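Heads up, the thing below is written out as structure tokens.
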Amino acid sequence: MAGDWRDGAMARRTAFGWLLAAATLMAGCATEKAAQATFDADATQWSGRLGLTVASEPPQSFSAGFSLSGNPDAGELSLTSPLGSTLAVMQWQPGEALLRQGEQVRRYESLDALAAEVAGTPLPVRALFGWLRGQPQSVPGWQADLSRLPDGLLSAQRLMPLPTADLRLVLDR
């Protein structure tokens, strides 16, 4: 009987040892991948998830999948639901900005006016192109934190004018 108990304990220790070795191996792979994560300073297309919180009364919060392409002068920003349905597509070029929601198309005089309409508050869409490339962009009232960009994270806060706003992006890998 004592031999059975020792054999069971040995089998558990062996199984635990294999699990520990597998976990260590997986952790090592994950660490190496994270260490190799970089962003492309020449990219013209990004996708992921974004969240926007506006400290208004009442507070507003919005989150969606996004796909951003082009440049500050001509581009497209698509917003999607968690299930992948297109919520809105913003397109712009010099002198024109369009908002497409289903069959409905609305025109705006600028990207800034369009972004403010969609978000309910002014957003620095033009600056996102530089920020996502790791290039500081000066936007009055906004502060961007690019320190976690190599990990696929970007955050920016609008401190002025009130209400404050918090924009967070998580990039797809």
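The values are calculated or read from the model by the stated rules, or taken from the named source; none is laboratory data. Since the model is a prediction, treat every value here as computed from it, not as a measurement. Note that we place each Cβ from the backbone using ideal geometry, even for glycine, and neighbour counts take in every protein chain shown. Ligands, DNA and RNA are stripped out before the accessible areas are found, and what is left, the full protein with its side chains, is counted by its heavy atoms. Shrake-Rupley method; radii C 1.70, N 1.55, O 1.52, S 1.80 Å.
Observations, loosely collected:
- The test for being of a type outside the set (Val, Ile, Thr), touching a residue at least 12 places away in the same chain (Cβ under 8 Å), open to solvent by 60 Å² or more (accessible area, probe 1.4 Å) and touching a Pro at 6+ places or on another chain (Cβ under 9 Å) does not hold for residue 143.
- Counting only strands (runs of 3 or more DSSP E) that fall entirely inside region 133-173 and contain at least 2 residues that are aliphatic (A, V, I, L, M), touching a strand residue (DSSP E or B) at 6+ places or on another chain (Cβ under 9 Å) and modelled with pLDDT of 95 or more, the qualifying elements are 153-158, 165-171.
- Within region 89-116, residues that are free of Cβ contacts under 8 Å to residues at least 40 places away in the same chain reach partners that are in a loop (DSSP other than H, G, I, E, B) and among the β-branched types (Val, Ile, Thr) with beta carbons closer than 9 Å, at six or more positions or on different chains, in the pairs 115/121.
- Flag for residue 80 being open to solvent by 50 Å² or more (accessible area, probe 1.4 Å) and among the β-branched types (Val, Ile, Thr): no
- Residue within region 156-170 that is charged (D, E, K, R), open to solvent by 30 Å² or more (accessible area, probe 1.4 Å), within 21 Å of residue 75 (Cα to Cα) and touching a residue at least 12 places away in the same chain (Cβ under 8 Å) present: yes
- If the condition is being open to solvent by 20 Å² or more (accessible area, probe 1.4 Å), over 16 Å from residue 51 (Cα atoms) and over 14 Å from the mean Cα position of the chain (by Cα), then region 118-133 contributes only 126.
- Taken over region 106-117, the criterion of being more than 25 Å from residue 171 (Cβ to Cβ) and open to solvent by less than 50 Å² (accessible area, probe 1.4 Å) is satisfied by 108, 110, 113.
- Across region 90-105, a minimum of one residue is classified as touching a Gly at 6+ places or on another chain (Cβ under 8 Å), more than 19 Å from residue 168 (Cβ to Cβ) and open to solvent by less than 80 Å² (accessible area, probe 1.4 Å).
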